[in-house]
């Protein structure tokens, strides 16, 4: 069974008198153990799609199915036990330790009391170890670097024990090595722990090197789905971003179409 299925999905926004369609006619699925990179130019609808898939906003048409069930018919507590979301917003750490923050991920499983049992504390420890942050458990969240803090947010999501992990720009505040480390972590969570992972990102080059599949949203209100190799070689990635910049299908990097000057600063022959 697929973890996630989109069928005839249209996403956007409703007002009292009209509706604004952002993406339409989306059909795809995601099985466990796979990492998907959701990419596209600014304003193409990446975050809107992610919010719809996470249940934060309703679809305009079509359906989102989670483990065979229509997301719109699931209770919030049922959803929270199956889907974890890591948003790009910076978290106000207050006076919380790292372990306190990760323990918040157990809320869907602790009932009305919110008390942590032995299994909940074990889940917190396991989640921190999974992201390589076990030694940070007693540190205050405000003391951490951006990279460490992002790992803690992912650990909180893991502590929920979800089947589907959704992330919105998890590398937004990180330097290039930090971005690669986050994608390597997401690869491990998908391939080794069996999570279905969708990461919305501007880091197209890093996503293309690490994701199993890409969902490419573009200016025509649609979405192309395929492996990074397929979408790089058929021109989808280059066409989606345009702007006079090419996408090299072998190195998975954006390249300028402008001719490069020689070492003497001359353009061509004189």
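The values are calculated or read from the model by the stated rules, or taken from the named source; none is laboratory data. All figures in this text were calculated on a predicted structure; none of them were measured in a lab. Note: ideal-geometry Cβ built from the backbone for every residue, glycine included; neighbour counts use all protein chains shown.
Taking the conditions (1) crowded, with 18+ Cβ neighbours inside 10 Å; (2) without any contact (Cβ under 8 Å) to a residue 12 or more places away in the chain in turn, residue 177 satisfies each one other than (1). Can you pull out every residue in segment 244-255 that is over 21 Å from the mean Cα position of the chain (by Cα) and crowded, with 18+ Cβ neighbours inside 10 Å? Result: 247, 249. Residues in segment 26-73 that are assigned to a strand (DSSP E or B) and over 20 Å from residue 227 (Cα atoms): 61, 62, 63, 64, 65, 66, 69, 70. Has segment 78-89 got at least one residue that is at pLDDT below 95, over 20 Å from the mean Cα position of the chain (by Cα) and surrounded by fewer than 18 Cβ atoms within 10 Å (Cβ to Cβ)? Yes, segment 78-89 has at least one match.
Residues that are closer than 26 Å to residue 201 by Cα, touching a strand residue (DSSP E or B) at 6+ places or on another chain (Cβ under 8 Å), part of a helix (DSSP H, G or I) and in contact (Cβ under 8 Å) with a residue 24 or more places away in the chain are absent from segment 111-130 altogether. No other residue among 166, 144 is modelled with pLDDT of 95 or more and either surrounded by 24 or more Cβ atoms within 10 Å (Cβ to Cβ) or farther than 14 Å from residue 195 by Cα (or both) apart from 166.
Count of segment 121-136 residues, restricted to those that are surrounded by fewer than 19 Cβ atoms within 10 Å (Cβ to Cβ) and more than 20 Å from the chain's Cα centre (by Cα), is 7. Quick test for you: out of 55, 105, 72, pick the one residue that is in contact (Cβ under 8 Å) with a residue 12 or more places away in the chain and under 16 Å from the mean Cα position of the chain (by Cα). On inspection, the qualifying residue turns out to be 55. Looking only at residues of segment 216-243 that are buried (at least 18 other Cβ atoms within 10 Å of the Cβ) and not in a helix (DSSP H, G or I), we find that the one that is modelled with the lowest pLDDT is 218.
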